[in-house]
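In what follows, a single structure is set out as structure tokens and then discussed.
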Amino acid sequence: MNNIEFSWFAPTSGDYEYVNSPEPMVPPSIDYIVKIAKKAESAGFNDILIPIDPRCMDPIVTASYILQETNKLNTLIAYRPGITSPQTLATMLSTLDNNKNRVKLNVVQGTPKDALMQGYRFPEPEKKAMHLQSFSRALKKLLSSEGKHAHRDDFFEYEKATVNPSFSRPPKMFIGGGLPAMKIASELYDYYLTFGDTVEKISEYVIAAKKYSEDNFNRKIKFGMGINIVARESKEEAYNDCLKLLHGVTDEQLKEMEKLYKKRKALGNRDYMDLVKKDFILEENLWLGLAQVRFGPVATIYGSYEEVANKIMDYHSVGIDYFSLTGYPYMEEVENVGKVIELIKVSVTS
């Protein structure tokens, strides 16, 4: 499976049984995260995504423990531009990796609320894309070559900057988001990440992004997708367990989410009430029911182990090479999703 990879998720804010749970069933701890990482490695995952959020443990420190306690599992570290300078982040990553080639970077933009909680300055709305581009260019230069570097623009300035130890092979860089992020990915990143949608929609995204990258930068980028997974012995069992993820949601919360989706474009510009009529089933084995409890990534592939494996391969056939997978609770679901990965490995190698 040289051209298809999988990452699991490290719940560094705690592990939740239900999406809407007010408190985690297991509070965050290094010991718990390391156990999940070891399970992910045994289940066949290539990477583990370590998030960055005001509620989460530090991703760099968490990654250091995971790298010590696993043998080949890579760490995909989420980080936000502006928390540190590009030079400081590059040095932290190179020190952590120590030329073992087990560190990857996922740059995420965050929100003004995140910035306020974490104590860094968030760019003004009209400068947000330019700030991200500046940070990415400076970081890419520092990660990709040896020697002393200089960089100067409206956002970052440094001279004679070095990164020690220098990378023998630069870490893979991931970024996700809307059109501005896609354009920046086309110039500077290895992977562009999107959230789950229909196979047809994902195919359209991939075709458009590939064309933009090749036409404007003469580069070929790869594509990943983040999506939730519920895999069981049967499709019926999986669907019932999808509904259990909504445990505890109140009528008031449902009405609040309905209002939010009516105000803001999301769900691929689909009408929220149309999805309600369809029980949030968008197409075969694809459920958007998490939209009832949160805003943002809400797609879930559900079904039997074979059906979920086939659905993932449908996405792979239209250009998705990297799958960032989630499941609640993470300690339990890592083994279920591992069964899907095993089926995919058999189908690819047979």
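The values are calculated or read from the model by the stated rules, or taken from the named source; none is laboratory data. Quick caveat: nothing in here was measured; it's all calculated off a predicted structure. Heads up, the Cβs are rebuilt from the backbone with ideal geometry, glycines too, and the neighbour counts pull from every protein chain shown. When the accessible area is computed, the model is the full protein with side chains, heavy atoms only, and any ligands, DNA or RNA have been set aside. Shrake-Rupley method; radii C 1.70, N 1.55, O 1.52, S 1.80 Å.
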Index of the failed condition, Val346 passing every other in (1) surrounded by 20 or more Cβ atoms within 10 Å (Cβ to Cβ); (2) closer than 30 Å to Lys35 by Cβ; (3) hydrophobic (A, V, I, L, M, F, W, C): (1)
Those residues of region 170-217 which are among the aromatic types (Phe, Trp, Tyr) and farther than 20 Å from Ile312 by Cβ, in sequence order: Tyr189, Tyr212, Phe217
Qualifying positions in region 1-23 - touching a strand residue (DSSP E or B) at 6+ places or on another chain (Cβ under 8 Å) and farther than 15 Å from Ser324 by Cα: Thr12, Gly14, Asp15
Residue count for region 183-229, restricted to those that are part of a strand (DSSP E or B) and open to solvent by 10 Å² or more (accessible area, probe 1.4 Å): 7
Qualifying residue in region 218-239 (condition: modelled with pLDDT under 95 and touching a Gly at 6+ places or on another chain (Cβ under 9 Å)): no
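Is it the case that Arg121 is farther than 21 Å from Leu49 by Cβ, in contact with a His (Cβ under 8 Å, 6 or more places away or on another chain) and not hydrophobic (A, V, I, L, M, F, W, C)? Before the answer, list the steps.
Numbers: farther than 21 Å from Leu49 by Cβ: yes; in contact with a His (Cβ under 8 Å, 6 or more places away or on another chain): no; not hydrophobic (A, V, I, L, M, F, W, C): yes.
It is false that Arg121 is farther than 21 Å from Leu49 by Cβ, in contact with a His (Cβ under 8 Å, 6 or more places away or on another chain) and not hydrophobic (A, V, I, L, M, F, W, C).
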Subset of region 134-156 (residues that are more than 28 Å from Asp47 (Cα to Cα) and either within 27 Å of the chain's Cα centre (by Cα) or modelled with pLDDT of 85 or more (or both)): Arg152, Asp153, Asp154, Phe155, Phe156
Any hit, region 141-161, residues being among the charged types (D, E, K, R), free of Cβ contacts under 8 Å to residues at least 40 places away in the same chain and on the phi > 0 side of the Ramachandran plot: yes
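Does region 136-157 contain at least one residue that is in contact with a Gly (Cβ under 9 Å, 6 or more places away or on another chain) and not aliphatic (A, V, I, L, M)? Even if it seems obvious, please write down each step before you answer.
Filtering region 136-157 down to residues in contact with a Gly (Cβ under 9 Å, 6 or more places away or on another chain) leaves 155.
This time we only want the ones that are not aliphatic (A, V, I, L, M), so: 155.
Scanning region 136-157 turns up at least one residue that is in contact with a Gly (Cβ under 9 Å, 6 or more places away or on another chain) and not aliphatic (A, V, I, L, M).
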Single condition Val163 does not satisfy, out of (1) open to solvent by 30 Å² or more (accessible area, probe 1.4 Å); (2) assigned to a loop (DSSP other than H, G, I, E, B): (1)
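With region 257-339 as the region, which strands (runs of 3 or more DSSP E) entirely inside it contain at least 2 residues that are buried (at least 18 other Cβ atoms within 10 Å of the Cβ), of a type in the set (A, V, I, L, M) and in contact with a helix residue (DSSP H, G or I) (Cβ under 9 Å, 6 or more places away or on another chain)? Break it down stepwise before answering.
Working: elements: 281-283, 300-304, 320-326.
Strands (runs of 3 or more DSSP E) meeting the threshold: 320-326.
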Candidate set from region 166-177 (those that are small (Gly, Ala, Ser) and farther than 16 Å from Asn106 by Cβ); member that is least open to solvent (accessible area, probe 1.4 Å): Ser166
Residues being closer than 21 Å to Glu157 by Cα and surrounded by fewer than 16 Cβ atoms within 10 Å (Cβ to Cβ) - total across region 104-124: 4
Residues satisfying the stated conditions in region 288-326, i.e. at pLDDT 95 or above and aromatic (Phe, Trp, Tyr): Tyr302, Tyr305, Tyr315, Tyr322, Phe323
Checklist (1) touching a strand residue (DSSP E or B) at 6+ places or on another chain (Cβ under 7 Å); (2) farther than 30 Å from Ile83 by Cα; (3) open to solvent by 60 Å² or more (accessible area, probe 1.4 Å) applied to Glu157, failing item: (2)
Condition broken by Val26, with the remaining ones in (1) touching a strand residue (DSSP E or B) at 6+ places or on another chain (Cβ under 7 Å); (2) within 28 Å of Ser136 (Cβ to Cβ) satisfied: (2)
